[in-house]
Amino acid sequence: RTGPSLFQEPVMSITREEALEYHRRGRPGKISVTPTKPLATQRDLALAYTPGVAEPVLVIERDPAAAYEYTAKGNLVAVVSNGTAILGLGDRGPLASKPVMEGKGVLFKTFADVDVFDIEIDARTVDDIVRVVAALAPTFGGINLEDIKAPECFEVEERLKAMLDIPVFHDDQHGTAIICLGDRGPLASKPVMEGKGVLFKTFADVDVFDIEIDARTVDDIVRVVAALAPTFGGINLEDIKAPECFEVEERLKAMLDIPVFHDDQHGTAIISGAALLNGLELVGKDITAIRVVVSGAGASAISCSELAVRLGVRRENILLVDTRGVVYAGRQEGMNPYKARFAAKTDARSLSDAMREADVFYGLSAANVLTPDMVRSMAERPLIFAMANPDPEIRYELAKDARPDAIVATGRSDYPNQINNVLGFPFIFRGALDVRARAINEEMKIAAARALADLAKQDVPDSVLHAYDLVSLKFGPEYIIPKPFDPRVLLWESPAVAQAAMESGAARLSIDLDDYRAELALRQGKGVRVRQFIMNRARQSPRRVVFGEGEETKIIRAAVRVLEEGVAIPILLGRPELIAEKLRDLGLTADFRIVNPREFNRLEAYARAYYERRQRKGITFAQAVSLVQQRNVFGPMMVAMGEAEAFVSGLTYEYPEVIRPALQIFHTRAAAGRAAGAYLMIVDDRASHPARDRVYIFTDATVNIEPTAEDLAEIACLAADLAIQLELEPRVALLSFSNFGSTDHPLTAKVRRAVELIRARRPELIVDGEMQADTAVVPAIIDERYPFSRVRDANVLVFPSLEAANVAYKLLSRLGNAQAIGPILLGLGAPVHVLQIGDDVEDIVHIAAVAVLDAQARET
């Protein structure tokens, strides 16, 4: 490498033993199928199987479209391979391809929440491949072809597309070849296929079966897959060599009415297409005028070239180079119809000849074929996409040494700009399945590429920086495509694909894209539903929010976010020139108010107002002038003076440093004798439902160390009001180490007294106690032992002390993998909310939204 970079990840070395143990330990392989319905009783069994299963069978017989309503077809993709082009290992047969196919499934699930079955087929010819894949089509909403060698893969894809009415996609044409193992056969492909299924499920919640077929011909593969089609909602073909892969995909598409997709063809093309668009923008070149050299002429190379043409590259400006040299007009050796589309009128015969004055290099061939001298011969500001795996055509550092002005991308995760087709197939299938697409067409592929290109220009969330152990990341030469673990990819790419499917006529179902984005967000895990509610309520009537630490980079990024998303109207406290400089460094623009308290033109008026509030607390006017210049005093005073509706601080301050000045200025609310702190705890309950979270309010975890019975009653009422504000029906449990008088002790008596006070003040509330924590949250305990209790399955948990609440929320966050939103300050005389030291930008945005909700509620 040329030098250290904030954007570079550490190089990872993996031994053979580690790789084998990873796949062998525990349950062998990388995927499993998880039931979505309960199967705990005889009744469940009768519903799931005979006799209950007969009812949906009869409905589907009458109306085939009902299969999307009563079965998993609509979220299921087949990843299909014959193992003839496994990850650089070549033809190892269908069984050997199984690990690769499993791996691909992992990517689908992880990145786009798409379920996958990897299917390794023993088929070699285009006819066989198409025959098998087409047979599988009824099972799936789409088909992804993988690791089928060229040129067969082209015909496979073309024939499948013609046959089927679901998306067919060859990711080796339009995606990165997996590990570049070459043709290892169907059995060897099994780990890859299972892996792909895991990715589908993890990233796109799509269920997958990996199917390794012992088929070598196109006819055999097509025959087998076509026969399996009733099982799936889509088919993903994997590790089928070219040119058979083209025909397999084409024939299956023609035969089936679910998406068929050869990921080995199309995946890399889509991701490299996004990189091409952004790279050209950065170097200032016109896509219609550039010269492109493509090293390789297999499935990925052909598909990358075709997509580049659709994006605007002129076909005559592309030089294809294979093992026999440049593909030129009139060449006879080693040609096929797919290469012939790029036969150029040129005198260049070698890769070295072709590289002279080239603007873009696409490497889809083998390691180390590109030399530094060839790189030096390229045009100014070249783009070098060396995508061979596991080792690129030229090492990143060698390319940068030869041409410091180059933008370089590889297929490796330990260098900037990884072109990884995991950014494509899970999210493409997610979008295709959700509109019941008949196919994955060119419009959908281009939409995916453009969505990825646009996403790379957005501010990168802290969660991505943490995932890659980076300090900073922004659009530029070392970041032209999103990172695979960016959770926003699902929310950008899948809607773009769905929209393109609807607009191009490939979709059976029309959906509202705004609702669809919200639905996708719910698939991503804990807290999304609650966070969406808070954000949407804030957007209905945004308020002015003062950020006390306006010079902090995270605060600046959060302020830009809340402004762009319409959540709040941010006001930043700090030096305007420093904040403007940081905005420029971040590549962000925003038009929000910046106030420097020390230079504020109404400072004397603020000081006098503060003095009037604190003059009987030992504060002189001179002290007031000094104090109001402090940001944690000035910010609340802006709220008091009517120049803002809420104040947020605490990213760099301890909790008391924020809350103490606010209490001195505002005291508590008129109806509240006490302030308190609460956390929203979001517990993942997707075992019972894929998008279900349970929401609990824990209090008091931040303010009252040893509350009295009167304090506990007030805290419980404040927390119940918060639940109502969030449109939750409060079921309040006051916790202790005793259940309803089972232990006679002053501590339990205090809790019982608090319950009596609450019932007297707020008889409408559902409240009970004292009770143990498990009694509060497990309805079966109440039903069996304490049926007299008014509270069953509590969602507002009032702890007997700050110590207990603080310990509980932190343990649940760490050991229970729950999501904590907060702290949310309750009972204060104005909307003041405290961040935690080190909060991420996402946390800051959501606390700002909470502050807006607080302000809205007070006005009503």
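Quick notes on this one:
- Inter-probe distance in nm under a simple model that places probes 7 Å from Cα toward Cβ, at Ile724 and Arg356: 8.2 nm
- Net charge of the neighbourhood of Thr775, taken over other residues with C-beta under 14 Å away and scored Lys/Arg +1, Asp/Glu -1, is -2.
- Taking Cβ atoms as reference points and 12 Å as the exclusive limit, the residues near Arg674 contribute a net charge of -3, counting Lys and Arg as +1 and Asp and Glu as -1.
- Antiparallel content of DSSP bridges confined to the chain, in %, to 5: 30 percent
- Over 27 Å between alpha carbons, listed pairs Lys400/Lys474; Lys253/Lys483; Lys285/Lys445; Lys457/Lys582: Lys253/Lys483
- Using only alpha carbons, segment 759-860 has a radius of gyration to Kirkwood radius ratio (Rg to Rh) of 1.02.
- Rounded to the nearest 20, the size of the Cβ-charge dipole of the chain about its Cα centre is 1760 debye, with Lys and Arg at +1 and Asp and Glu at -1.
- Using alpha-carbon coordinates, inclination of helix 99-112 to the longest axis of the chain, degrees: 40 degrees
- Gain upon complete extension [Leu282, Asp405; 0.36 nm per residue less C-alpha separation]: 43.2 nm
- In segment 676-828, the DSSP beta bridges split such that about 55 percent are antiparallel, to the nearest 5.
- Share of Cα-Cα pairs in the chain lying beyond 49 Å, as whole percent: 30 percent
- Spatial separation of Cα centroids for segment 801-860 and segment 602-653, in angstrom: 23 Å
- Sorted by Cβ neighbour density within 10 Å, fewest at the top, the residues Lys582, Lys339: Lys582, Lys339
- Think of the chain as a dipole: +1 on every Lys or Arg Cβ, -1 on every Asp or Glu Cβ, centred on the Cα centre; then among Phe117, Ala808, Leu89, Ala808 lies furthest on the positive end.
- Relative to the longest principal axis of the Cα atoms of the chain, the long axis of helix 553-564 lies at roughly 80 degrees.
- Nearest-0.05 FRET efficiency for Arg584 and Arg660, computed from C-beta distance (R0 41 Å): 0.70
- Dipole magnitude of segment 215-351 about its Cα centre (Cβ charges: Lys, Arg +1; Asp, Glu -1), debye to nearest 20: 560 debye
- Taking 0.36 nm per residue of separation and subtracting the Cα-Cα distance, full extension of the segment from Ser541 to Ile705 would add 55.5 nm.
- Residue order, fewest to most beta carbons within 10 Å, for Asp591, Asp585: Asp591, Asp585
- Neighbour counts of C-beta atoms inside 10 Å place Thr589, Thr620 in the sequence Thr589, Thr620, starting with the fewest.
- For segment 676-828, the extents of the C-alpha atoms along the principal axes are 41, 40, 29 Å, listed from largest to smallest.
- P(r) tail fraction, segment 323-466 - alpha-carbon pairs more than 26 Å apart, %: 42 percent
- Here the ratio of the Cα radius of gyration of segment 474-567 to 2.2 N^0.38 Å is 1.35.
- Per residue, the average separation of C-alpha pairs within less than 8 Å and at least 6 apart gives the chain a relative contact order of 11 percent.
- Share, in percent, of DSSP beta bridges within segment 283-389 that are antiparallel, nearest 5: 15 percent
- Charge-dipole axis of the chain as Lys and Arg at +1 and Asp and Glu at -1 on Cβ define it, positive-most pick from Ser300, Ala19, Ala449: Ala449
- Evaluated with a Cβ-only charge set (Lys, Arg +1; Asp, Glu -1), segment 676-828 carries a dipole of roughly 140 debye about its Cα centre, given to the nearest 20.
- Largest-first principal axis extents, alpha carbons of segment 415-513, Å: 44, 21, 18
- Between helix 488-504 and the chain there is an angle of about 60 degrees, using the helix long axis and the longest principal axis of the Cα atoms.
- Between Leu757 and Arg858, the simple label model (points 7 Å from Cα in the Cβ direction) yields a spacing of 2.4 nm.
- Under conditions of 37 °C and 0.692 mPa s, segment 458-519 yields 242 µm² s⁻¹ as its translational diffusion coefficient, taking Rh as the Kirkwood radius over Cα pairs in the Stokes-Einstein equation.
Bear in mind that the values in this text are calculations on the coordinates, not laboratory data. These numbers come from a predicted model, not from an experiment. As a convention, Cβ positions derive from the backbone with ideal geometry for all residues, glycine included, and neighbour counts pool all protein chains shown.
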